[in-house]
Structure formats: C-alpha cells, structure tokens
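Novice: Dropping a structure here in structure tokens format, bear with me for questions.
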Amino acid sequence: MRKEELNFTTVEQMEADTVRLCELADEAGAETWQKRKEQQQPQCKFGEQGICCRICSMGPCRVTPKADRGICGADAHAIAGRHYLRMAAAGSASHSDHAREMAHALLKSNPDSQFNIRDEAKLMRIAAEWGIESEGRDLYDVAHDVALHGLNEFGKPFGTLDCLKRATDERQKVWADQEIEPRAIDREVCTSLHMTHMGNTADAPTLVRQSLRVGMADGWGGSMIGTDFSDILFGTPTARATEGNLGVLENDMVNIVVHGHDPAFSEMMVLASETKEMQDYAREKGAKGINMAGLCCTANEVAMRHGVRMVGNFLQQENAVLTGAIEMMCVDVQCIFPALGPLTDCFHTIFVTSSPIARIPGSKYVKFETETAFEQAKTLVAEAIDNFANRDSKKVFIPEHKEAAAVGYPCEQIILELDGVTNSHGVLTVNGEKEERGSYKPAIDAIRAGVLRGAVAMVGCNNPKVRPDFSHIDIMRTLMEHDILVVTTGCAAQAAAKAGLMSKEAKELCGDGLKRVCTLVGIPPILHMGACVDISRMMLLATGIAKDWDVDITKIPVVGCAPEWMSEKAVAIANYVVATGLDVYLGIQPQVHGSEQMIQLITEGTREISGAGYTINTDPDELVKAIIEGIEAKRKLLDI
Ligand code: SF4
Ligand code: MSK
C-alpha cells in the first residue's frame with residue numbers, strides 16, 4: 001500500500017466523534033469532563049505552580065509577592081519540592097501495591113485454578129536470579145517461594161532491591177555512589193512521606209534526590225516485579241493483532257468493557273466470556289455473542305495476551321459509556337473517573353468496582369478474591385448478558401472509527417523478531433553452558449549505521465490541558481518520518497492504535513531507514529510494550545541495548561517522552577527513567593514552576609546525579625524538535 005492510500009483516522013475525526021457523543025450526553029442529562037473542565041476555570045495558579053501547602057493545619061499557606069514563606073518558614077522551593085516528592089511517592093505506591101496484589105496471586109497459584117503458571121521458563125529464570133532452588137522441586141513450590149521473595153522486597157529490613165542487579169555495572173555504581181539505590185519498596189514510600197511531613201526536609205535538592213530514589217523503588221522494584229509476576233501467571237505477551245477505538249464496540253453483541261490496571265480481574269473476565277457456556281447464554285438472550293473490550297492500561301494487558309480490542313484511552317472512558325452500547329463496565333484500580341458512577345446512571349450500563357482500593361459511589365461492588373475469581377467473573381458476565389435486553393437502541397451511537405494494530409512486543413518478542421533477521425549473534429555462553437540467546441545487536445547495528453537514528457519510549461496519559469491524543473500522534477508521526485523507532489505503553493499506545501500507527505501498514509509513513517527495518521523484521525514502526533507498569537520492560541530494553549553495545553546507558557540514543565501525562569504514577573515513572581540515565585521530554589509542566597530552584601533541579605540538577613534530566617515544552621512541535629536534537633546530539637557524542 002502506498003502512503004497516499006493510507007486512510008488512518010485523524011485526530012479531527014476523533015474529535016468530531018467526541019462532539020457528537022457530548023451532544024448525546026446533554027440529551028441524556030449526563031455530564032462529561034469537558035463540562036467539568038469549563039467549570040474549573042480559572043484553575044488555581046498557586047496549585048498549578050506548586051506553591052500552596054496544606055501539609056499541616058497551620059496552613060493552608062501559599063507563596064505570594066507579599067508572603068515568601070509559609071507560617072513555619074517553608075519557602076517556595078521547599079513547598080514545591082515536598083509536593084513533587086509526595087506525587088512521586090504516591091505514584092510509586094500505586095504501581096507497587098498493584099505488584100503486591102500480583103505477588104499474592106502468585107502465592108495462591110495452583111495447577112487446578114485459573115491462577116496457574118503460564119510462563120514456566122520465566123519463573124525458572126527469576127528463581128535462579130534470586131537464588132531459589134528449583135532443581136527437582138514441584139513447580140508450584142518454586143512459584144510460591146518466588147512470590148514470597150518478591151513480597152519480601154516490599155519490606156526487607158536490610159539491603160537494596162534485588163532487581164537493581166539487572167542494570168549495567170555502570171548504573172549500579174552511579175546509584176550506589178549517589179545514594180539513590182532504593183532499599184525496600186515500602187520503605188522508600190514511607191521515607192518520602194516522613195521527609196515531607198511538617199518540620200522535616202526543606203532542602204529542594206534533597207527532595208529531588210529522594211524523588212529519584214522512590215521512583216526507582218517503582219521502576220526497578222514494584223513495576224518490575226508486577227510485570228514479571230503477571231507474565232508468569234498470565235503468560236509473557238507475544239505479537240498479535242487487535243483493533244483500537246470506539247468502533248470496536250458491537251451493535252449486536254453484549255459489550256463488556258474492562259478498565260483499570262490490575263490484570264488479575266480482567267484476565268478472569270476474558271476467560272469467563274470465552275467459555276462456551278457464556279457464549280451460548282449470550283445467543284440465547286438474543287445477542288450474536290460477547291464482545292470483550294478494554295480501556296486504559298487494562299486494555300493493554302488483555303490486548304497483549306488475548307488480542308482483546310481496545311476501546312480507547314484515559315479521556316475516552318466517558319465516551320465509551322456515552323455510546324449507550326455497553327452492558328457492563330468492570331474496573332479494578334487507578335485512572336477510573338469517579339464520574340462513571342453518575343454517568344452510568346444515565347444509561348443501562350452496570351458499573352462494577354472490584355477492589356477495596358477503588359470504591360466508587362454509584363457502582364456495584366464485587367470484592368474480587370483470587371480463590372473465587374473465575375466463578376465471580378462468570379456471574380458478572382451472565383449479569384451483563386441479562387442486561388443486553390435493557391439496551392435502549394434510541395440511545396445508541398457507536399462511532400465507526402477503528403484501526404488495526406499489531407500489539408505485544410515485550411523485550412522477549414523484540415529479541416525474537418530480531419533473531420528472525422540474523423543468525424550471527426545468537427550463541428552466548430551463560431554460566432559455562434552454551435545457550436541460545438538473542439541480542440539487540442541487529443538493532444544496534446541499524447542505529448550505528450544511521451538506518452535508525454535512535455528510539456523513543458512514548459508513554460503516559462491524556463490530559464485535558466491539551467488536545468487529547470494530538471501531541472502523542474503528532475510527535476509519533478514526526479519521529480517515524482525521522483527514522484526514529486518508537487516503543488510505547490499506556491494511553492500513549494492507545495493513541496497510536498487509534499491513529500493506525502501500530503499497524504504494519506504504518507511503515508509507509510516512515511523515513512526510508514525505519515521503513516526498511518520494519519519491512520525486514522516484519523514489525524510496525526511503533527512497538528507496543530504494554531501498560532504503565534510495563535515501562536519497567538523499557539528500562540530492561542535500554543539496559544540490554546547498553547550492555548550489548550558496551551556503552552553507558554546515558555550515551556545510547558534512546559530517550560523517554562510523556563507529552564500528555566497527568567498522574568502521580570507518571571511522576572514516579574519520569575523519576576526512574578531519569579535515574580536510569582535516560583532523558584525525559586515532558587509536554588505538561590510539572591506543578592513546581594513556582595520555584596525556579598525546582599525547575600533548575602529537575603531539568604539540569606539531576607544530570608549531575610544520574611546523567612539525565614527533563615526537557616519541558618508544552619508545544620508538541622517544539623518538543624519533538626528537541627527530542628530529535630537530543631538524539632542527534634547523543635549520536636554525535638558516540639561519533640556515529
Ligand atoms: Fe504552612 Fe508550613 Fe504547615 Fe505547609 S507545613 S501548611 S507551609 S505551616
Ligand atoms: S492508564 S496512568 S492515564 S497512561 Fe495506565 Fe493511561 Fe496514565 Fe492511567
């Protein structure tokens with residue numbers, strides 16, 4: 001197919017769908033984020049700049065031209081710095097608590113339940129890494145020991161996180177020398193809250209250093225463990241085909257949408273919906289079948305493992321309900337609008353919450369338990385089927401837009417794809433035994449030769465401060481044209497899917513070099529690596545490239561970009577990406593710019609610590625220009 005023949009959905013077409021859905025919201029008496037955003041204007045300037053404090057009840061205090069300190073004497077730098085660290089700590093806590101749930105699920109795994117071991121090789125690899133005996137032992141005994149070891153990482157009293165040893169020697173030395181090695185995961189979160197309690201740290205550089213450390217507790221701790229344990233339990237994702245955007249909803253089927261982050265619940269929902277019993281029941285009730293679809297990061301999880309189609313990303317969650325075609329919306333944790341309670345009330349949609357971590361008024365709460373999960377899921381699927389009869393066809397509007405996407409490229413799949421185009425780098429010696437193992441050398445060779453200029457990890461959310469998906473798509477298309485490979489997770493990945501950029505045909509939009517690589521390897525130009533916890537996969541990808549290249553990770557032409565970020569998790573992520581030595585390009589201002597010192601610290605100061613920092617620019621064209629310049633500057637330093 002030629003470039004001119006590609007007819008991918010544009011942002012303007014997606015916006016037109018949203019306008020129509022908002023009109024339907026008005027007709028249904030429902031409210032959406034667009035309206036609430038209007039009602040919030042003007043947003044508080046003190047909050048936006050990070051210079052209001054309500055950490056103690058002497059406050060709230062804010063820094064103004066006539067008051068440069070709070071009542072306790074904290075200045076703008078201390079106030080903004082404490083707020084920033086608290087955001088990083090909350091983000092780290094969220095990913096890590098998700099990981100803890102996965103560890104408990106692994107601890108309860110058994111061969112007769114739906115929580116069984118689907119990636120034995122990965123389990124054995126991690127057991128060996130953590131010194132857990134596996135020779136001659138029952139698989140589940142090993143799994144339970146691995147789960148216990150993982151749980152211990154949350155609260156071990158001594159030492160630092162075991163996953164740090166996966167990094168390059170150079171990184172491990174930097175982290176040790178700079179004293180930013182995370183100790184136990186919970187300890188870093190707890191220390192961060194302690195440091196920011198009234199009357200403790202008021203020194204902005206110290207607050208930024210701890211932000212890196214608590215971020216690392218996420219990226220090289222909680223998120224890494226969460227990703228590994230999900231792979232062991234539900235299978236390491238492999239490349240598969242799916243589709244993305246609201247058009248994946250079906251008029252004549254029971255539509256069930258899973259939304260959130262924790263794959264344990266959504267996996268059970270998917271498995272339950274695939275049973276013959278449920279499919280037959282749906283047909284008995286007049287539907288053509290059950291259409292399972294996903295939102296936000298849960299969508300990424302089930303798309304990569306089952307090919308479940310993706311309804312959309314963060315700011316599309318209300319749009320999905322507004323189609324009037326969803327029988328049930330099942331959520332687990334994180335990024336769920338409380339607005340879904342009143343919104344689903346205006347439609348026949350049953351809104352189900354499943355975790356004590358995310359209880360929302362207006363929902364039906366079904367506490368999800370590992371032991372009974374599959375039966376609970378079947379009951380919910382049956383309830384959704386019963387609800388099909390309640391759909392009001394007069395209220396249904398399903399926009400037609402959807403695009404094909406190739407998803408499921410964790411590190412293992414990328415290596416496999418690269419192995420497919422080379423035979424020369426496969427044999428390595430590990431522990432004295434000859435073992436077949438791939439490497440990133442073919443990709444490195446392509447970067448060295450200039451066929452690929454570098455790679456960008458595009459991650460993060462949507463944010464009503466900017467046009468939803470516009471920055472993601474605009475930046476990704478420009479990078480593709482400049483022969484820069486994109487790896488992506490989270491809501492950024494879904495933006496790419498909705499715009500057709502994760503399809504293999506999208507190579508036609510690339511420069512000659514990237515197009516050649518995509519054709520040779522048989523991959524799309526945007527590689528889908530998963531959910532936001534899976535940014536830990538990206539850290540291992542960058543580490544693998546640095547190891548195979550034998551250069552410091554700060555030198556490789558690989559950077560991160562979050563053009564539409566919004567959550568505290570994103571702050572934790574940005575910190576661990578910077579701590580890992582990769583520059584991060586942000587399209588939304590962190591809420592610290594009421595402090596010049598904080599801005600200097602996060603854009604320049606961290607470079608003294610980890611060799612990387614932020615570049616912040618709210619104009620997507622300028623941001624992508626900065627990314628390309630940054631990548632070219634790294635190439636120059638490598639003399640390539
Ligand atoms: Fe005000 Fe200080 Fe209390 Fe913050 S900690 S609310 S600046 S007195
Ligand atoms: S869901 S954290 S809006 S990526 Fe992971 Fe999307 Fe951001 Fe939530």
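Novice: Out of segment 61-119, which residues are among the polar types (S, T, N, Q) and more than 16 Å from ligand 2 (Cβ to nearest atom)? Explain how you work it out, then say what you get.
Specialist: Step one: filter segment 61-119 for residues among the polar types (S, T, N, Q), giving 64, 92, 94, 96, 109-110, 113-114, 116.
Hits for segment 61-119 are T64, S109, N110, S113, Q114, N116.
Novice: Of these, L343, L322, which one is touching an Asp or Glu at 6+ places or on another chain (Cβ under 7 Å) and closer than 21 Å to P464 by Cα? Don't jump to the end; show me each part of the working.
Specialist: On the way: L322 fails: touching an Asp or Glu at 6+ places or on another chain (Cβ under 7 Å).
Testing whether each residue is touching an Asp or Glu at 6+ places or on another chain (Cβ under 7 Å) and closer than 21 Å to P464 by Cα leaves just L343.
Novice: Quick one: which residue in D583, D619 is assigned by TED's automatic domain parsing to the domain that holds T478, within 23 Å of the chain's Cα centre (by Cα) and surrounded by fewer than 18 Cβ atoms within 10 Å (Cβ to Cβ)? Lay out the reasoning, then the answer.
Specialist: Working: D583 fails: surrounded by fewer than 18 Cβ atoms within 10 Å (Cβ to Cβ).
Going through D583, D619 in turn, the sole match is D619.
Novice: Considering only segment 252-262, how many residues are of a type outside the set (G, A, S) and closer than 15 Å to A358 by Cα? Even if it seems obvious, please write down each step before you answer.
Specialist: Of segment 252-262, the ones of a type outside the set (G, A, S) are 252-259, 261-262.
If we keep only those that are closer than 15 Å to A358 by Cα too, we end up with 258-259, 261-262.
Within segment 252-262, residues that are of a type outside the set (G, A, S) and closer than 15 Å to A358 by Cα number 4.
Novice: Follow-up question, since we're still on this one. Looking at A80, A90, A99, which one is in the same structural domain as G221 (by TED's automatic domain parsing), modelled with pLDDT of 95 or more and surrounded by fewer than 23 Cβ atoms within 10 Å (Cβ to Cβ)?
Specialist: After ruling out the rest, the residue left standing is A90.
Novice: Determine, yes or no, whether C335 is in contact (Cβ under 8 Å) with a residue 12 or more places away in the chain and under 26 Å from A405 (Cα atoms).
Specialist: Numbers: in contact (Cβ under 8 Å) with a residue 12 or more places away in the chain: yes; under 26 Å from A405 (Cα atoms): yes.
Judged against the criteria, C335 is a match.
Novice: May I ask you to verify whether Y576 is in contact with a Leu (Cβ under 8 Å, 6 or more places away or on another chain), within 16 Å of ligand 2 (Cβ to nearest atom) and modelled with pLDDT of 95 or more?
Specialist: Details: in contact with a Leu (Cβ under 8 Å, 6 or more places away or on another chain): yes; within 16 Å of ligand 2 (Cβ to nearest atom): yes; modelled with pLDDT of 95 or more: yes.
Criteria met by Y576.
Novice: List the strands (runs of 3 or more DSSP E) inside segment 305-384, counting only whole elements, that have at least 3 residues being touching a strand residue (DSSP E or B) at 6+ places or on another chain (Cβ under 9 Å) and within 15 Å of ligand 2 (Cβ to nearest atom). Can you show your working first?
Specialist: Numbers: elements: 309-312, 328-331, 350-353.
Where strands (runs of 3 or more DSSP E) fall fully within segment 305-384 and carry at least 3 residues being touching a strand residue (DSSP E or B) at 6+ places or on another chain (Cβ under 9 Å) and within 15 Å of ligand 2 (Cβ to nearest atom), they are 309-312.
The values are calculated or read from the model by the stated rules, or taken from the named source; none is laboratory data. Keep in mind that what you see is a predicted model, and the values were worked out from it rather than measured. A quick note on method: Cβ atoms are made from the backbone with ideal geometry, for glycine too, and the neighbour counts reach across all protein chains shown.
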